[in-house]
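The block underneath contains the structure these notes are about, expressed in structure tokens.
Just so it is clear, none of the values below were taken in a lab; they were calculated from the coordinates. These numbers come from a predicted model, not from an experiment. Counting neighbours? That spans all protein chains shown, and the Cβs are built from the backbone with ideal geometry, glycine included.
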Amino acid sequence: MFFKNIYETGLAQASYMVGCQATGEALVIDPRRDIDVYLEMAEKENLKITHVTETHIHADFLSGSRELAAATGAEILLSDEGGKEWEYQFAHTGLKEGSVFKVGNLKIEVIHTPGHTPEHISFLLTDTAASTKPIMFFSGDFVFVGDIGRPDLLEKAAGMKGTQLKGAKDMFQSLKKFKALPDYVQVWPAHGAGSACGKALGAVPSSTVGYEKLVNWAMSIEDEDTFVNTLLEGQPEPPKYFAMMKKLNKVGPEILGGVPQPARLTIPQFEDAIKSGKTVVDTRNKISFAGGHIPNSINIQDNSAFSTWAGWILSYDKPFVLIAPDHRIADLTKALIRIGLDNVAGYMNDIDKWANFGHELETMQQITAHELKEKLSNGEVNVVDVRGYSEFEAGHIEGAKNIHAGFIKDNLDQLDKDKPFVVHCASGDRSSIAASVLLCRGYSNVINLTGGFTSWKQEGNKIVKRENDLVMV
């Protein structure tokens, strides 16, 4: 038997390839959209990808099932559970509770595990050439290491009212199936630490049923009402692009036939792109961006959170251009197509070229924690905390207004254009995004806190836990 965990750190997403080396057949579970990694792996291992499947209609990334099937001729097997509203709308072989399919000598049993979503299924694998007992459980967004899938995404991200309570109750019942599995069975989830699909995911890539029964908080609560309340409490804000992912993954993502190759634009071409209204995304680090950037550009740094923040900030119906070095364009493009942002209209590789062409750069005002303390004592500035709600509740600067960075452009009416305000997050990454969005909207009085809330704390400044001026979105 061949097995490989393919982990994408940007979205904290795991997909899997399992194969029967005796027959040369392979299955890919929950593939991402840039499929070259699976094709190269199959070729290296002398395997043919014959089957592709998913645990559910994903909300946090765009599935590569159709892309992979188009490239390999593999059969697509997907859930037909959850009712008509949760059926995939493209050609596939349907799977239900108790369905069994084989990939060579590997037997895969389907278990319906609703809760995260109504159609969610998990896969129990038995290597029949070695044993009659199951050895692996691919849990998708059902059970994570140390946590379980959140049931509130459909309601919070997709606007489906009343679904989170039912989802939480379904999850309580689904966990009974999990607990009934042998303790030795390995658990391989679809996400790890950093994913927004749960609230306390562990960083370890896999677990066992027995270990999760010992340490996973969800396994120890026997009362359904207590379980439901605990599960729904404290879930992080779901990125806005999750609703789009649900829609596209249900109807079937467009088949690209390969990763797009954005063109490097000349300065006149980049000028034309700006004049035509295309959004400029500057992927340089926050310090470089603050020191000088193209007016009305948005700073989404090229780091592990690039995909997520691109999904929060960019429009799916509006082309954009990038500022990034040549050697990063391929990886950035992959990061974008993983969440369906296919409309990259080109890039510029050097901001100095733009300045040397006679264009003036804009700077972002910065302030230190020490300077902020002084200005607050004199009533000179307001403070906007762009961290998540739970972070804000755990401790914040007195008098600060909380608006999550991803919702900043939807809450401009909460901000005073007549008085300077300081934007901060934990360390400065998210606040640079938020401040750049505000600069684009004409807020010339926005200042970014260098070092963020971390520097404020380290200097021993006052922190409060809770206030009445919280902005709920």
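Each peptide in 126-135, 377-386, 418-427 receives the mean, over its residues, of other Cβ atoms within 10 Å, and ordering these scores from highest gives 418-427, 377-386, 126-135. By the helix-only formula, in which each DSSP H run with n ≥ 4 contributes -39500 (n - 2.57) and the sum is divided by residues, the chain has a 222 nm mean residue ellipticity of -8000 deg cm²/dmol. Let a ≥ b ≥ c be the square roots of the eigenvalues of the Cα gyration tensor of the range 1-148; is it rounded (a/c under 1.5), or, if not, prolate (a/b larger than b/c) or oblate? It is rounded, given that a/c, with a ≥ b ≥ c, falls under 1.5.
For semi-axes √(5λ) of the Cα gyration tensor in Å, the choices are [x] 42, 26, 19; [y] 38, 27, 21; [z] 42, 29, 18; which was calculated from the structure? Computed from these coordinates, semi-axes √(5λ) of the Cα gyration tensor in Å corresponds to label [z]. Remark: Tyr184, Tyr211, Tyr16, Tyr38 ranked as Tyr184, Tyr211, Tyr16, Tyr38, counting other beta-carbon atoms within 10 Å and listing the fewest first.
Each of Lys286, Lys275, Lys334 was scored by other Cβ atoms within 10 Å of its Cβ. Listed from fewest to most, they are Lys275, Lys334, Lys286.
For Gln365, the amide hydrogen comes within under 5 Å of the amide hydrogens of Asn448, counting only partners 5 or more places away or on other chains and with H modelled in the peptide plane. Where does helix 242-251 land angle-wise versus the long Cα axis of the chain, in degrees 0 to 90, nearest 10? The angle comes out near 40 degrees. Sorted ascending by nearby beta carbons within 10 Å, beginning with the fewest, Phe142, Phe407, Phe227 become Phe407, Phe227, Phe142. Amide H contacts of Phe144 (H built 1.01 Å from N, in plane; Pro and chain starts excluded): Gly149 sit under 5 Å, all sequence-distant by 5 or more or on other chains. With 21 Å as the limit on Cα-Cα distance, the pairs of Lys156/Lys334; Lys166/Lys246; Lys169/Lys247; Lys246/Lys286 that go past it are Lys156/Lys334; Lys169/Lys247; Lys246/Lys286.
Relative contact order, percent, of the range 365-458 when contacts are C-alpha pairs under 8 Å separated by at least 6 residues? The value is 35 percent.
To the nearest Å, what is the center-to-center distance of the range 357-413 and the range 79-127, using C-alpha atoms only? Cα centroid of the range 357-413 versus Cα centroid of the range 79-127: 46 Å apart.
If you line up the long axis of helix 163-179 against the longest principal axis of the chain, both from Cα atoms, how many degrees apart are they, to the nearest 10? For helix 163-179, the angle is close to 40 degrees.
For the range 79-96, backbone phi angles converted through the Karplus equation (6.51, -1.76, 1.60; θ = phi - 60°) give residue-by-residue couplings of 5, 10, 8, x, x, 4, 5, 10, 8, 5, 9, 9, 4, 6, 8, x, 10, 9 Hz, Gly and Pro being listed as x.
With both residues required to sit in the chain, DSSP beta bridges show an antiparallel share near 45%. Projecting label points 7 angstrom from Cα along Cα→Cβ for Ala22 and Ala130 puts them 1.3 nm apart.
Going by average Cβ neighbours within 10 Å, how do the peptides 394-402, 157-165 rank, with the highest at the top? Please report the intermediate quantities before stating the final value.
Numbers: 394-402: 18.0, 157-165: 14.6.
For the peptides 394-402, 157-165, the packing ranking is 394-402, 157-165.
By its C-alpha gyration tensor, with a ≥ b ≥ c as the square roots of the eigenvalues, how is the range 203-315 shaped: rounded for a/c under 1.5, else prolate for a/b larger than b/c, else oblate? Taking the square roots of the gyration eigenvalues as a ≥ b ≥ c, the range 203-315 is prolate.
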